[in-house]
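Since the structure comes first, as structure tokens, the remarks are kept for the end.
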Amino acid sequence: MKIGILQTGHSPDNMKEQLGDYGEMFTKLLGGHDFEFQIWSVVDGDFPDSAVDADGWLITGSKFGAYEDHGWIPPLEQLILAIRDTGRPLVGVCFGHQIIAKTLGGKVEKFDGGWSVGRTEYTVNGAPMALNAWHQDQVTALPQGAQVVGSSDFCANAALLYDNQIWTIQPHPEFNAEFIDGLIRTRGKGVVPDDKLADAAKLLDDPTNNADIAAYIADFFKKERP
């Protein structure tokens, strides 16, 4: 099964060589499930020819907002609609979660409550999960037909399911403790409040459920559909 990864952002330059770019993080996360991968860096204008160029699709995270004016966002939204219309499975993470919701009629905005960074406890698909977050934007109004399947005290719409074809999640199962530590030391400084960064640093050694979410995503891609 071929999974097309739509890369909508890049890792910080000083972390990319050691920890990988966003697309590579997902090939590592989903490795061992007999997938073939192809990465299209849509943030740089590199798009697939059509929605049938892969059997399943995944949209990564990004430093950009789903509501921002960038030339690559409108064609990405058109591709999301085309993928939906093919019936192929689609997964979105963080920015991917948000841009899918926006494209399908929901609302994304900066959350009044501020940032969520580092290890955060959620309920996802009915089970307690600890995953790494790094976001200020949230899906604040649901698209028609979206079912909430994950939430936290801070993020009410943390995971969404659309007709068993599209599944999206706000936190980052592809981010490990080393990557969060790097973000705290680079992108977080002067952007995220210092107390939030300090709290996230204290939890770097605590375990997460990244592997459980990876297994779920793999099963979601492989699920038989009409």
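For the cross-link pairs Lys2/Lys202; Lys2/Lys110; Lys28/Lys102; Lys196/Lys223; Lys189/Lys223; Lys107/Lys196, the ones whose C-alpha atoms lie over 31 Å apart are Lys2/Lys202; Lys2/Lys110; Lys196/Lys223; Lys189/Lys223. Ranking His70, Ala177, Asn157 by Cα position along the charge dipole of the stretch 67-226, where only Lys, Arg, Asp and Glu carry charges on their C-beta atoms, puts His70 farthest toward the positive end.
Subtracting the Cα-Cα distance of Thr123 and Val191 from their residue separation scaled by 0.36 nm leaves 21.7 nm.
The listed peptides 55-61, 99-105, ordered by packing as a protection proxy, come out as 55-61, 99-105 (highest mean of other Cβ atoms within 10 Å first).
FRET efficiency for the pair Thr140 and Asp69, taken as 1/(1 + (r/R0)^6) with r the Cβ-Cβ distance and R0 = 30 Å, rounds to 0.95. When the helices of the chain are scored as -39500 (n - 2.57) per DSSP H run of n ≥ 4 and the total is divided over every residue, the value at 222 nm lands at -9000 deg cm²/dmol. Quarter the surface of the alpha carbon convex hull of the chain and you get the mean projected area, 11.5 square nanometres. Annotation: average projected area of the stretch 1-47 is 3.4 square nanometres, based on the convex hull of Cα atoms across all directions.
Each peptide in 123-131, 174-182 was scored by the mean count of other Cβ atoms within 10 Å over its residues; highest first, the order is 174-182, 123-131.
Among 6-18, 41-53, 150-162, the peptide with the highest mean count of other Cβ atoms within 10 Å heads the list, and the full ranking is 150-162, 6-18, 41-53. Axis angle, to the nearest 10 degrees, between helix 210-222 and the longest C-alpha principal axis of the chain: 10 degrees. Stretched out straight at 0.36 nm per residue, the stretch from Val52 to Lys107 would grow longer than its current Cα-Cα span by 17.1 nm.
Just so you know, all these numbers are worked out from the coordinates, no wet-lab data involved. Everything quoted here is computed from the prediction, not taken from an experiment. A quick note on method: Cβ atoms are made from the backbone with ideal geometry, for glycine too, and the neighbour counts reach across all protein chains shown.
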